[in-house]
1. Compare the peptides 275-283, 43-51 by average per-residue count of other Cβ atoms within 10 angstrom and give them in order, highest first.
2. Taking a ≥ b ≥ c as the square roots of the eigenvalues of the Cα gyration tensor of the stretch 20-184, is the shape rounded (a/c under 1.5), prolate (a/b larger than b/c) or oblate?
3. For the stretch 89-106, what does the Karplus curve 6.51 cos²θ - 1.76 cosθ + 1.60, with θ = phi - 60°, yield as ³J(HN,Hα) per residue in whole Hz, taken in order and with x for Gly and Pro?
4. Give me a comma-separated list of calculated 3J(HN,Hα) values for the stretch 255-272, in order, Karplus coefficients 6.51, -1.76, 1.60 applied at θ = phi - 60°, integers in Hz, x for any Gly or Pro.
Amino acid sequence: MPGTPRNGTDMALDPIQWFPGHMAKTRRLIAECLSQVDIVLELLDARIPRSSKNPEILKLTAGKPKLTLLNKASLADPSVSDAWLSHYAKTENEALLIDCVTGDGIAKIGDAVRKILAEKIAKNEAKGMTGRRLSAMIVGIPNVGKSSLINRLAGSKRAKVENRPGVTTAKQWVSTSIGLSLLDTPGVLWPKFDEKTVGENLALTGAIRDGVLDVETLAMTLCERLVGVCPALFFARYKLNPEDAEGRDGYDLLEMVGRKRGFLVSGGEVNMRRTAEMLLDEFRSGVIGRISLERPTRDLREKKGETDVC
């Protein structure tokens, strides 16, 4: 994205620039392979469950049993994550909070799958197909942790894992110790975001490659969001005075962070790019703290599955 606007909230996404051809191929792959699996495991980012839920996957997998897995739980606010689990419980959608780095919640997946597929398992046993291995398709946006989950369930490094989107580019079947055969699919986004905040959230958490966007603009947006969501964590991490930051826009906040960190160039100016890269890295790795950018709505809109975005 050319240029760096003064205010981070001007960020936008051009779908022609960032929607790779392999994502269209992945959609076809999901549709073609759906009949080969018993259940769909949909991974969402626990920090942004709403924004990381691909509406196209919902359409492609309609009618197939599903288990929602809120991954990267160790990076999300625990109280907000609990609220999300309550939200899913009210919508009768089975959901688990997991973390593929720490391993938390992984052991619960097998039992949850068998609970959802209890009727199918009973029918198999009635036909003498006791112990038949179940199959699951893992779907989700790029960089949400699908390969890490497969490696956890397989007990070995079977899928390539990197902390960047677009590493898995083809389907692969993997056997596990919990009685599931897993079909991994490449991460897939959708070509157009109807809501600006959805695109922001995906970019902030690393689902969209940084090379597609101007990182300084993105970091300015993050500054403003952090002041709104978790001001105490933000100010404490970067040793900022809340009174000095009052009324400041994303540009000013990012500059203040860079100055505090001593990221200066000749003439005493702040190296804004270096500051931006540092801020994004620290947010994504949880160094600033456990932060959720979305929470379920607290009002009657919850019945419609709508959410408030922090």
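Throughout, read-outs are computed from the coordinates displayed, never taken from laboratory work. These numbers were taken from a predicted model, which means no experiment stands behind them. Because the Cβ atoms are built from the backbone with ideal geometry, glycine has one as well, and the counts that use them run over all protein chains shown.
1. On the way: 275-283: 20.7, 43-51: 25.9.
Order by mean packing, descending: 43-51, 275-283.
2. Values: a/c = 1.39, a/b = 1.17, b/c = 1.19.
Verdict is rounded for the stretch 20-184.
3. 4, 6, 8, 6, 10, 5, 9, 10, 9, 9, 8, 6, 7, 7, x, 4, x, 4
4. So the J values, rounded to whole Hz, are 5, 4, 4, x, 5, 5, 7, x, 7, 10, 10, 4, x, x, 6, 7, 6, 5.
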